[in-house]
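First the structure, in the form of structure tokens, and then the observations on it.
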Amino acid sequence: MVESRLPLPDDASASPALAAEYAAARVREGRGMAILRSMGPRAEVVRAFVQLADAVLYGPAALGRRERELLALATSQANATAYSTAVHDGLLQEAGGADGSARDAGLVAFAQRLTRAPAEAPAAVAALRAYLTDDEVHDAVATVALLNFANRMAAATAITPGDDLL
């Protein structure tokens, strides 16, 4: 019988390079997040993901940090990924939560539409431009794209918070 869940690398099975990525995550986050384990055994994939996530979600951007977390949460909810939904709901609350504005509603609608109907991307972008500058829209697209990648990894490996490495 084939194992139904794809195995996740851990400290014992990780290559030295991957173990170093997990150790760096523990310094940054206080734990080796399961999303990094979902990337598989290739340290260069984990490293590239961390660098992209740092730039898209946490780095300087036209779109505010709270709004990028709102997009991350809406994307994760649209993908029904419990792990990512829980992580980004917590981060959104730390950043101040949703404010109920038309701008926030536009961001949520954009994330859901781009995630569920990527062929409608031009229309989704056009609708979002009613609330955001072009630079902010680029940040929104990058955030939703990054989260869709991460959500596919989370879904394919069925990670849970219990898969974090402490």
Residues satisfying the stated conditions in the range 97-117, i.e. outside any helix (DSSP H, G or I), more than 17 Å from residue 57 (Cβ to Cβ) and aliphatic (A, V, I, L, M) = 117
Criterion violated by residue 155 - all others in (1) within 23 Å of residue 61 (Cβ to Cβ); (2) part of a helix (DSSP H, G or I); (3) of a type in the set (A, V, I, L, M, F, W, C) satisfied | (1)
Mind checking which pairs have a first residue in the range 26-45 that is more than 20 Å from residue 81 (Cα to Cα) and a second that is surrounded by fewer than 15 Cβ atoms within 10 Å (Cβ to Cβ) and of a type in the set (Ser, Thr, Tyr), Cβ under 8 Å, 6 or more apart or different chains?
-> 41/13; 41/15; 43/15
In the range 104-117, residues that are in contact (Cβ under 8 Å) with a residue 12 or more places away in the chain and surrounded by fewer than 14 Cβ atoms within 10 Å (Cβ to Cβ) total 1
Residue check: is residue 101 touching a Lys or Arg at 6+ places or on another chain (Cβ under 9 Å), polar (S, T, N, Q) and surrounded by fewer than 22 Cβ atoms within 10 Å (Cβ to Cβ)?
-> no
How many residues does the range 123-135 contain that are assigned to a helix (DSSP H, G or I) and surrounded by fewer than 19 Cβ atoms within 10 Å (Cβ to Cβ)?
-> 6
Check off (1) in contact (Cβ under 8 Å) with a residue 40 or more places away in the chain; (2) farther than 23 Å from residue 61 by Cα; (3) part of a helix (DSSP H, G or I) for residue 120 and give me the number that stays unchecked.
-> (1)
Check on residue 111, of a type in the set (Gly, Ala, Ser), within 23 Å of residue 33 (Cα to Cα) and within 17 Å of the chain's Cα centre (by Cα) | no
In the range 53-61, is there at least one residue being out of contact with any Phe, Trp or Tyr (no Cβ under 7 Å at 6 or more places or on another chain), acidic (Asp, Glu) and within 26 Å of residue 107 (Cα to Cα)?
-> yes
Hey, does the range 103-121 have a residue that's modelled with pLDDT of 95 or more, basic (Lys, Arg) and touching a Phe, Trp or Tyr at 6+ places or on another chain (Cβ under 9 Å)?
-> yes
Could you tell me whether the range 73-96 includes any residue that is surrounded by 14 or more Cβ atoms within 10 Å (Cβ to Cβ), at pLDDT 95 or above, over 13 Å from the mean Cα position of the chain (by Cα) and among the hydrophobic types (A, V, I, L, M, F, W, C)?
-> yes
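The values are calculated or read from the model by the stated rules, or taken from the named source; none is laboratory data. Everything numeric here is computed off the predicted structure, so don't read it as measured data. Cβ sites come from the backbone with ideal geometry, for glycine too, and all protein chains shown count toward neighbours.
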